[in-house]
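I have placed the structure first, in the form of structure tokens, so that the comments after it can refer back to it.
The values are calculated or read from the model by the stated rules, or taken from the named source; none is laboratory data. The shown structure was predicted, so the numbers you read here are calculated from the model rather than taken from an experiment. Please note: Cβ atoms are built from the backbone with ideal geometry, for glycine as well, and neighbour counts cover all protein chains shown.
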Amino acid sequence: LGLASSGHLKLFKKHPAVRPVLAQQSIRELNLTGRDYGQVLADAVWAVFQEDYRLGFGADGDHLKALDDIKMALDYGYTMITLDCSEHIKNFSSEQNAELEETYRSLAEEERVKLEKQFIGKTFNLKTGLRLTFTPEALKRNAAIYQQAINFAIMVFNQFIKPLQGKVDFEVSIDETATPTDPLSHFFVAEQLIEAGVKINSMAPRFCGEFQKGINYIGDLKQFEAEYVEHTKIAEHFGYKLSIHSGSDKFAVFPVIGRESKGHVHVKTAGTNWLEAIKVIIAAEPGLYREMHEFALRHLEEARKYYHISGDPQRVPALQDLSDQELPKLMEEDDSRQIIHITYGLILLAKDQNGKYLFRDRIYECLQRNEELYNQFLEKHIGKHLELLGF
């Protein structure tokens, strides 16, 4: 929406160790909100002046896949690129051994020979205390899954990031995969990128469990802790931060992340700001919220094309059974939170038969009239994130 940065900055003034990335949007989010990178950055800059914030901030071209989009973000002056490598990562089930072997054999022979010499039978003793060993099978699987993505990241770095001589942070995202990134795979990707001269500021593996939109972590906390410790040792060994995507509201794992990363971590929380805005609308204009809620339910399946959630509309109370005073409870329940979360773009861009926005103008007017309340909600909610992360 472009209205949350003021509330964030009021909070970050109290936590000077935190460095905010205020402007952060993916191409998908730009399309779904009807904004562009210039508007996103301008809104962040305006908030910086409004709050007289002088500690610096970042602007992230998030989850970029196309070279033209990377160039566009850099031309606007963005200070960070998050490279989404998902279109270059292969996924194989445990039964697809023939397909995996074929993909591995499709790599250039010179590249295969280099990889086999570099990894097979080698034990890597990291300075952070972790020991990693590659069997021939482990090398084949990792090369088949990740090698094209590694080569893509090297090309993007050399073409766009390296010429800027350290003025832009570079994050490599490998989290859009069918299975979690185990520590061996994380090391496999990082080792080759660093060897090729790529300066990584942060890396986003796919962690075990589920990081769904707008709700707490789903998964085995002990397994997450054990694997996060190893991921942290790999990141420390190479000198970059781990990045937590869909990090909003993952309160169950924040203590582990904060303790192990010691503040050297990037947590992405953009989506939860929309839900805090919804809370304001519920409090100030419950009638408007009821319209948005009904619209979201009708268009949920369309939104599911963009986002994976477990939210079930059958578990959401019927609006007619809730008084206005009871509506805030909906933002405390996972199902309703997720449904409203992922339908944001459809709500913002919906128009009537005359081409007039159904909700967008009223949403902005409501939030602008209730700016102080929105800031209070953001300070409290994001403040909970910072507290559990140890800041």
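For LYS233, indicate whether it is of a type in the set (Lys, Arg), farther than 24 Å from GLU102 by Cβ, in contact with a Pro (Cβ under 9 Å, 6 or more places away or on another chain) and not assigned by TED's automatic domain parsing to the domain that holds ILE340. If you could, list the steps in order and put the result at the bottom.
Numbers: of a type in the set (Lys, Arg): yes; farther than 24 Å from GLU102 by Cβ: yes; in contact with a Pro (Cβ under 9 Å, 6 or more places away or on another chain): yes; not assigned by TED's automatic domain parsing to the domain that holds ILE340: yes.
Considered against the rule, which asks whether it is of a type in the set (Lys, Arg), farther than 24 Å from GLU102 by Cβ, in contact with a Pro (Cβ under 9 Å, 6 or more places away or on another chain) and not assigned by TED's automatic domain parsing to the domain that holds ILE340, LYS233 comes out as yes.
When you check THR181 against the structure, is it within 22 Å of the chain's Cα centre (by Cα), surrounded by 22 or more Cβ atoms within 10 Å (Cβ to Cβ) and of a type in the set (S, T, N, Q), yes or no? Criteria met by THR181. Counting only residues that are of a type in the set (D, E, K, R), in a helix (DSSP H, G or I) and farther than 30 Å from GLY197 by Cβ, region 224-280 holds 4 of them.
From the list GLY311, GLY355, which residue is assigned to a loop (DSSP other than H, G, I, E, B) and at positive phi? Steps first, answer last, please.
Values: GLY311 fails: at positive phi.
None of the others qualify; the one that does is GLY355.
Residues considered: GLU291, GLU276, GLU260, GLU301. Of these, the only one that is buried (at least 21 other Cβ atoms within 10 Å of the Cβ), of a type in the set (Asp, Glu) and on the phi < 0 side of the Ramachandran plot is GLU276. Reported count of residues in region 303-347, each being more than 21 Å from the chain's Cα centre (by Cα) and either of a type in the set (D, E, K, R) or farther than 14 Å from LEU275 by Cβ (or both), is 18. Scanning region 222-229 for residues that are touching a helix residue (DSSP H, G or I) at 6+ places or on another chain (Cβ under 8 Å) and surrounded by 22 or more Cβ atoms within 10 Å (Cβ to Cβ) turns up at least one hit.
Checked against the criterion of being free of Cβ contacts under 8 Å to residues at least 60 places away in the same chain, touching a His at 6+ places or on another chain (Cβ under 7 Å) and closer than 28 Å to GLY390 by Cα, region 9-21 contains one or more residues that satisfy it.
Residues in region 82-118 that are surrounded by 15 or more Cβ atoms within 10 Å (Cβ to Cβ) and farther than 20 Å from THR177 by Cβ: ARG112, GLU116.
Among the residues that make up region 144-155, is at least one of them closer than 18 Å to LYS71 by Cα, surrounded by fewer than 21 Cβ atoms within 10 Å (Cβ to Cβ) and out of contact with any Cys (no Cβ under 7 Å at 6 or more places or on another chain)? Steps first, answer last, please.
At the first step, the residues of region 144-155 found to be closer than 18 Å to LYS71 by Cα are 152-155.
Cutting the leftovers down to surrounded by fewer than 21 Cβ atoms within 10 Å (Cβ to Cβ) gives us 152, 154-155.
Filter again for out of contact with any Cys (no Cβ under 7 Å at 6 or more places or on another chain), leaving 154-155.
The answer is yes, given that some residue of region 144-155 is closer than 18 Å to LYS71 by Cα, surrounded by fewer than 21 Cβ atoms within 10 Å (Cβ to Cβ) and out of contact with any Cys (no Cβ under 7 Å at 6 or more places or on another chain).
Checked against (1) at pLDDT 95 or above; (2) surrounded by fewer than 16 Cβ atoms within 10 Å (Cβ to Cβ), LEU367 passes all but condition (2).
With respect to ALA284, determine if the residue is within 27 Å of the chain's Cα centre (by Cα) and surrounded by 14 or more Cβ atoms within 10 Å (Cβ to Cβ). No.
Take region 65-90 and flag every residue that is assigned to a helix (DSSP H, G or I), within 13 Å of PHE157 (Cα to Cα) and of a type outside the set (Val, Ile, Thr).
Result: LEU67, LYS71, LEU74.
Whenever a residue of region 309-330 is touching a residue at least 24 places away in the same chain (Cβ under 8 Å), its partners that are aromatic (Phe, Trp, Tyr) and not in a loop (DSSP other than H, G, I, E, B), lying with C-beta atoms within less than 8 angstrom and at least six residues away or across chains, give the pairs LEU327/TYR289. Among the residues examined, GLN25 does not qualify as over 19 Å from GLU379 (Cβ atoms), assigned to a helix (DSSP H, G or I), touching a Gly at 6+ places or on another chain (Cβ under 9 Å) and not β-branched (Val, Ile, Thr).
Might you let me know whether region 285-297 holds any residue that is in a loop (DSSP other than H, G, I, E, B) and not basic (Lys, Arg)? The answer is yes, given that some residue of region 285-297 is in a loop (DSSP other than H, G, I, E, B) and not basic (Lys, Arg).
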